[in-house]
Amino acid sequence: MRPHGACYIHEGDTRIYKERHRALSPPQPALAPQFDASSSGNVTALADKTALLNCRVHNAENLSVSWIRHRDIHLLTVGQYTYTSDQRFRVVHERDSDDWILKISYVQPRDSGVYECQVSTTPPTSHFIGLNVVEPQTKILGGPDLHINKGSTINLTCVIQFSPEPPDFIIWNHNGKIIGYDSPRGGVTVIIEKGDETVCTLLIQRARDTDSGRYDCQPSNAAPAKTTVHVLNGQIDMFAYQL
């Protein structure tokens, strides 16, 4: 028997009360998109290879993420759709991931510049990433001319930089002819050190007058570099050179 004045809430009434309370509660504000700069830094890429520009943005689940090239304010991608006729550009994004990667295939030096990763807030929110495209370079240390006393050792050091991998081979030329390491002249040695940079050293012992001339270092994967060697006959030639 229910006591006079008592109020009971049945299980069904409790459910209805909770649903009404939830409906009357103010909605929780959405978190603002936030870029992760530590994972969205500037990129240096090698020419003719693939450049990957990563834009990591949190709390952008219900928003669009776009890539814009700043050089010509060209819209490249929106979401996972591409808006350029240049087929080298496309976006890579996995479901439930915060990473929006702009992939540029066969990247060229002209692609260098600033790219904008933009989120469709009001007003839009952006993060900027710089792309620097480099090409393999070859240089011979010591400048365009090298002066060597007769009878000493000619030491030419060729450095190949910004190469995605070491060259398959390096050819040294003297006055347009390939230097034969087993030639009758003898005294020719080549030392190659491979790493982030490839260093190739040409050593020619007991320099002669005929060793003067132009030397070219020609790697298989980069443009050649050149230097001119002058073999001097002791102090007289050195004095004449200084004049």
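None of the figures in this text is laboratory data; all of them are computed from the coordinates on show. Note that the structure is a prediction, hence the values are computed from the model and not measured. Because the Cβ atoms are built from the backbone with ideal geometry, glycine has one as well, and the counts that use them run over all protein chains shown.
Structure above, values below:
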{"quantity": "Tail weight of P(r) past 18 Å, computed on alpha-carbon pairs of region 70-141, percent", "calculated": "47"}
{"quantity": "Inter-label distance, nm, simple model (7 Å from Cα along the C-beta direction), ASP145/ARG88", "calculated": "4.0"}
{"quantity": "Label-to-label distance, nm, for residues given as HIS230 and LEU31 (7 Å Cα→Cβ offset)", "calculated": "6.9"}
{"quantity": "Environment charge of THR50, counting only residues whose C-beta is closer than 12 Å and scoring Lys/Arg +1, Asp/Glu -1", "calculated": "+2"}
{"quantity": "Efficiency of FRET from Cβ geometry, ASN132 and ASP99, R₀ 22 Å, rounded to 0.05", "calculated": "0.55"}
{"quantity": "Region 154-204: trypsin sites (Lys or Arg not before Pro) in DSSP coil with no more than 13 other Cβ atoms inside 10 Å", "calculated": "LYS194"}
{"quantity": "Label-point separation, HIS58 to GLN161 (7 Å along Cα→Cβ), nm", "calculated": "3.9"}
{"quantity": "Gain in span if fully extended, VAL114 to ASN42, counting 0.36 nm per residue against the direct Cα distance", "calculated": "25.0 nm"}
{"quantity": "Nearby lysines by direct alpha-carbon distance to LYS194 (threshold 22 angstrom, same-chain neighbours under 8 apart not counted)", "calculated": "LYS49, LYS139, LYS226"}
{"quantity": "Whole-percent pair-distance distribution, where bins are 10 Å wide, for the alpha carbons of region 93-226", "calculated": "10, 31, 22, 13, 11, 8, 4, 1"}
{"quantity": "Neighbour-count ranking [beta-carbon atoms within 10 angstrom, fewest first] of PHE89, PHE162", "calculated": "PHE162, PHE89"}
{"quantity": "Packing-based exposure ordering (other Cβ within 10 Å, fewest first) of HIS174, HIS230", "calculated": "HIS230, HIS174"}
{"quantity": "Cross-link partners of LYS177 among aspartates and glutamates (Cα-Cα below 20 Å; sequence separation of 8 or more within a chain)", "calculated": "ASP145, ASP168, ASP209, ASP211, ASP216"}
{"quantity": "Gained length - VAL190 relative to LYS49, 0.36 nm times residue gap less alpha-carbon distance", "calculated": "47.8 nm"}
{"quantity": "Reachable aspartates and glutamates from LYS103, criterion Cα separation under 19 angstrom, eight or more residues apart if same chain", "calculated": "ASP36, ASP48, ASP72, ASP86, GLU94, ASP111, GLU116, GLU135"}
